[in-house]
1. Would region 38-60 turn up any residue that is open to solvent by less than 20 Å² (accessible area, probe 1.4 Å) and modelled with pLDDT under 85?
2. For residues in region 73-88 being in contact with a helix residue (DSSP H, G or I) (Cβ under 7 Å, 6 or more places away or on another chain) and open to solvent by 10 Å² or more (accessible area, probe 1.4 Å), which is nearest to Ser119 (Cα to Cα)?
3. Give me the residue from region 249-267 that is under 23 Å from Gly291 (Cα atoms) and among the aliphatic types (A, V, I, L, M) and, out of that set, surrounded by the most Cβ atoms within 10 Å (Cβ to Cβ).
4. Which residues, taken from region 118-167, are open to solvent by 60 Å² or more (accessible area, probe 1.4 Å) and of a type in the set (Asp, Glu)?
5. Out of all the residues in region 180-204, which are surrounded by fewer than 22 Cβ atoms within 10 Å (Cβ to Cβ) and more than 15 Å from the chain's Cα centre (by Cα)?
6. With the requirement that a residue be modelled with pLDDT under 80 and open to solvent by less than 50 Å² (accessible area, probe 1.4 Å), what does region 14-37 give you?
7. If you scan region 219-244, which residues turn out to be under 20 Å from Thr187 (Cβ atoms) and open to solvent by 40 Å² or more (accessible area, probe 1.4 Å)?
8. Quickly run through region 268-295 and pick out the residues that are farther than 21 Å from Gly104 by Cα and open to solvent by 20 Å² or more (accessible area, probe 1.4 Å).
Amino acid sequence: MTRLLMEWRLRGRTRGTLTLPGPDWLGAERRRRPIRFMAVRGRGIVLSLVLSVASLGALAWPGLNTGIDFQGGVAMEVHTPATIDTLRGGLAASGLEGSLQRFGDDGQYLLRLPAGADSDARIEAAKAALSAVSPEAGFPRLDVVGPSVSGGFVETSILAVLLAGAGMLVYLRLRFAPHFAWAALITLGLDLSKTLGFLVLTGLEFNLTTVAALLTLIGYSVNDKVVVFDRMRENRALDPERPLEDIIDLSLTQTLRRTLFTSLTTFLAILPMGLAGGAAVTSFALPVLFGIVVGTSSSMFIAAPMAMFLERWFSPEGPAAREPASLESESGYL
């Protein structure tokens, strides 16, 4: 019915230009005068490398706050009005080794006990110790993960990230020239390393939910870079004689509004999860929020300059030494 009404409404009308109201604050003026992104390409890449190296160092020490999924052991949620010092005193008096941290709202705590053959006995001992200092204590959730299961989680998570990266490399290599594919993959590695550094800095628990967040960031970050690379390829085919730096500036300026609006809407959609979603989704929402900021900035200041450097590496004579070619004949950019 809707289709019939639209056909009746448009019957007999000629094709025209659709003009949207409102200020074109990133429109024609930006197309005439591209933003000089490439003027800061060196500083952007150096800053990104420094942050990534620092993040890798933080992974070595103090390291990620791995959850029970990867450590193995017992995770017990405790609800009580008692203070954390009182609860820790009760555990110490019973001789139990474990870590007690605040979890969620006031009066909610998470107790982690190391893995072992006597898990059931230590669970009952922990409950007795906590109930002795706080009779009103409740234990609404209890998770037990053995060492073999946690080891399998580690191997599966590493394999998932590697397969995701390999799949993205294959896709980019089939669609773009080699320097584009490797530039996106290197930038993706820098984005992930900084996200891991963010997890270390904030002390967020690294668990299977966090692995899902990293996989989400891989897809989001690569999608953002594909848009920029595709516009670079189009502008290169339209004006082969134009300097590559100018083509990159023009392409980034033309895609800037799309990049910013897409990132902003995604950020605002996930922000409530990070602020009020609770501990169940915090380990997913906060890394994704951080990754959106990092991935958006890397698309503008890291990925495109990296593609230019790699192109000159693969072709030492530079793009000016090649004869101009159209989009259909320049197979290296298809």
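1. No; the residues of region 38-60 include none that is open to solvent by less than 20 Å² (accessible area, probe 1.4 Å) and modelled with pLDDT under 85.
2. The extreme case among them is Thr86.
3. Leu252
4. Matches in region 118-167: Asp118, Asp120, Glu124, Glu136, Glu155.
5. Within region 180-204, Ala181, Trp182, Leu201, Thr202, Gly203 qualify.
6. Answer for region 14-37, where residues must be modelled with pLDDT under 80 and open to solvent by less than 50 Å² (accessible area, probe 1.4 Å): Leu26, Gly27, Ala28.
7. Tyr220, Asn223, Val227, Arg231
8. So in region 268-295, the residues farther than 21 Å from Gly104 by Cα come out as 268-269, 291-295.
The answer is Leu268, Ala269, Val293.
The values are calculated or read from the model by the stated rules, or taken from the named source; none is laboratory data. This structure is a prediction, so every number in the text was calculated from the model and none was measured. Every residue, glycine among them, receives a Cβ derived from its backbone with ideal geometry; neighbour counts consider all protein chains shown. Heads up: the accessible areas ignore ligands, DNA and RNA and are worked out on the full protein's heavy atoms, side chains in. Shrake-Rupley method; radii C 1.70, N 1.55, O 1.52, S 1.80 Å.
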